[in-house]
Amino acid sequence: MREGHASLTALAVAMGRGLGTRSDVRDEAGSKLIPGAMGGLLRAASRREPMRWLGRVASLGLVDHVTMRMAAIDAAVSHAVARGCDQLVVLGAGLDARAQRLACLGAVDVLEVDHPDTQATKQRRVVLSQCRARSLRFVPVDFEADSLDLRLDEAGHDPLRPTFWIWEGVTPYLQLEAIDATLRTVGARSAPASGLAMTYAVEARVPLPVAARLAFSALGEPLLATLSPDEAARRSAAVGFAPLSDTDSTDWSTQYPGSARLAVLFAAERLLVAVRHATAASSV
């Protein structure tokens, strides 16, 4: 994390989603949040198919992975809203642009939680009047010093209303204790019919694990935690969520434009989607 700026991984993910796998499968709203010359170059490249293909290959599949992941989570959001969720909390939001992009959020209050430095970059570029969500609130949280529960209270999150929680591309950078602490807060603040979309990394499927860890460490965001699918399901169930699906890029590529083969370097990441039980007690 660089003081006063978005994290390098947040920028990389936003650029990947902004380029997209096709002209009609990209995060155009998110590309407008990328500052400076990088944003201009990205928007120019996204209009040229040869440049898009070059970017997909040069990124070693990151473009395909994050674009397909985005589409899979978007679908989960749409289903949750149809089920009655009228709050969306994005944990570790980075340069997420769902509040600006998804029409299904018209009757949904969105709260974006992230480090103050990343949010500072974003807030300089977000035009609230262009949001499709009913409301958008920024919740600055330094997870090493602040209480997520307290900050959500202060931001007006209502634990009595169904909430859909997005935790995308974050857990690999946390210790298991921090993952469990956040899940306890999520469970305690989730009314029945709430939902969770959480990505996590599986150790056994990390290609070139030493090289991958060294690369992320060099960016200042070392990989720390991995989970098995059984562990991810158990941890979510312990705070009241019943798994609906657990998928990876191979599954996503059957529904959304993109290549799982091209994105093989990121094959370790999976997406767990779960729904809140009517009653449950946290035991994590």
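The values are calculated or read from the model by the stated rules, or taken from the named source; none is laboratory data. Values in this document were obtained by computation on a predicted structure and should not be read as measured data. Virtual Cβ from ideal backbone geometry, glycine too; neighbours counted across all protein chains shown.
Hey, among Ala107, Ala71, which residue is not in a helix (DSSP H, G or I) and not charged (D, E, K, R)?
Among Ala107, Ala71, only Ala107 is not in a helix (DSSP H, G or I) and not charged (D, E, K, R).
In the range 110-135, which residues are part of a helix (DSSP H, G or I) and either over 19 Å from the mean Cα position of the chain (by Cα) or not small (Gly, Ala, Ser) (or both)?
Those that are part of a helix (DSSP H, G or I) and either over 19 Å from the mean Cα position of the chain (by Cα) or not small (Gly, Ala, Ser) (or both): Pro116, Asp117, Thr118, Gln119, Thr121, Lys122, Gln123, Leu128, Ser129, Gln130.
The residue pairs whose first member lies in the range 258-270 and is under 12 Å from Arg69 (Cβ atoms), whose second member is buried (at least 19 other Cβ atoms within 10 Å of the Cβ) and hydrophobic (A, V, I, L, M, F, W, C), and whose beta carbons are closer than 6 Å, counting only pairs six or more residues apart or on different chains, are Gly258/Met68; Glu269/Ala201.
Filtered by the rule that a residue be of a type outside the set (Gly, Ala, Ser), under 20 Å from the mean Cα position of the chain (by Cα) and assigned to a helix (DSSP H, G or I), the range 11-50 gives Leu11, Val13, Met15, Arg17, Leu19, Glu28. Any chance you could count how many residues in the range 222-243 are touching a strand residue (DSSP E or B) at 6+ places or on another chain (Cβ under 6 Å) and not in a loop (DSSP other than H, G, I, E, B)? Of the residues in the range 222-243, 7 are touching a strand residue (DSSP E or B) at 6+ places or on another chain (Cβ under 6 Å) and not in a loop (DSSP other than H, G, I, E, B). Close contacts from the range 149-177, counting a first residue that is of a type in the set (Val, Ile, Thr) and a second that is assigned to a helix (DSSP H, G or I), with Cβ to Cβ under 8 Å and a gap of 6+ residues or different chains, come to Ile166/Ile73; Ile166/Val77; Ile166/Arg98; Thr171/Ile179.
Whenever a residue of the range 21-50 is over 21 Å from Gln123 (Cα atoms), its partners that are among the aliphatic types (A, V, I, L, M) and surrounded by 19 or more Cβ atoms within 10 Å (Cβ to Cβ), lying with C-beta atoms within less than 6 angstrom and at least six residues away or across chains, give the pairs Ser46/Leu19.
Restricting the range 121-136 to residues that are of a type in the set (D, E, K, R) and surrounded by 17 or more Cβ atoms within 10 Å (Cβ to Cβ) leaves a set whose member that is nearest to Val170 (Cα to Cα) is Lys122. The lone criterion from (1) at pLDDT 95 or above; (2) in a helix (DSSP H, G or I) left unmet by Leu265 is number (1).
Against the condition under 23 Å from Ala99 (Cβ atoms), modelled with pLDDT of 85 or more and crowded, with 21+ Cβ neighbours inside 10 Å, how does Arg56 come out, does it pass? Against the criterion (under 23 Å from Ala99 (Cβ atoms), modelled with pLDDT of 85 or more and crowded, with 21+ Cβ neighbours inside 10 Å), Arg56 does not qualify.
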